[in-house]
Structures are given as structure tokens and as C-alpha cells.
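Notes for the one structure printed next.
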Amino acid sequence: MNVHMHNDKYKSKAMKIAVSVHGVISVSIGENSQLEVIGEGVDSVSLANSLRKKFPYTNIVSVAAIKETKSPDSSPPPSPPPYPVYNYGYPPPPAYYRGQYYDPGPPNCSII
């Protein structure tokens with residue numbers, strides 16, 4: 001964005017306005033008093049309108065996506081080891097034991 005800034009006071013005001021916009025990551029002042037704004041999902045029109053409140057002669061010079069460059073020798077970071085999965089939702093099933101039971105039956109003694 002091309003903003004007419006005459007001294008350091010105006011530069012700091014323009015940077016404060018630009019940083020206050022949602023999604024702005026960094027702001028710098030380039031050559032010829034151009035304000036360079038880097039961010040994700042920044043609305044350039046609303047940024048220009050908010051700057052025009054203090055600086056009426058603000059113009060949008062260019063809007064472009066930044067391409068990330070990867071170095072060929074860098075490998076992706078190793079993934080962390082998987083964590084064990086614990087299921088605390090349900091208790092374990094009850095244990096059933098098989099055994100032989102001896103029922104001696106009624107006693108042989110009878111009362112007459």
C-alpha cells in the first residue's frame with residue numbers, strides 16, 4: 001500500500017492501524033513510503049479504508065500470495081511415536097469360573 005507518510009510519527013501511526021486488522025502477521029515500511037503487510041485472510045480493501053481515515057491518499061499497489069520455498073535438502077520432521085490408547089469408558093467383563101460342585105444331597109438320617 002502506498003501511504004503518504006512524512007515523518008516517523010506518521011509511520012508509527014500507519015503501522016499501528018495496519019497491525020490492528022485481523023489476520024495481519026507482520027508490517028514493514030518499504031521504499032517510497034510503501035507499507036508492506038503480510039498476513040493470512042487479510043481484507044485489503046478494509047485495510048485501505050481504515051488507513052484512509054488518517055491518511056486520505058492511501059492506494060493499494062499490489063496484492064499477491066506469498067509462495068513458500070522449500071529447500072531440497074530438508075526432510076520433513078520425524079513424527080512423534082504413537083501414544084498408547086486407553087479405553088476408560090467401560091469396565092472389563094466379569095470373569096466366569098468353571099468348576100465342579102459336589103452336592104451331597106439330603107442326609108440319610110430321618111426322624112420318624
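Taken together, the values in this text are just the output of simple stated rules run on the coordinates, not laboratory data. For clarity, every value in this text was computed on a predicted model and none was experimentally measured. All Cβ positions, glycine included, derive from the backbone under ideal geometry; neighbour counts span all protein chains shown.
Bridging of K53 to lysines at a Cα separation below 27 Å is possible for K9, K11, K13, K16, once same-chain residues fewer than 8 apart are set aside. Among 35-46, 10-21, the peptide with the highest mean count of other Cβ atoms within 10 Å heads the list, and the full ranking is 10-21, 35-46. With K and R counted +1 and D and E -1, the other residues having a Cβ less than 14 Å from that of S50 yield a net charge of +4.
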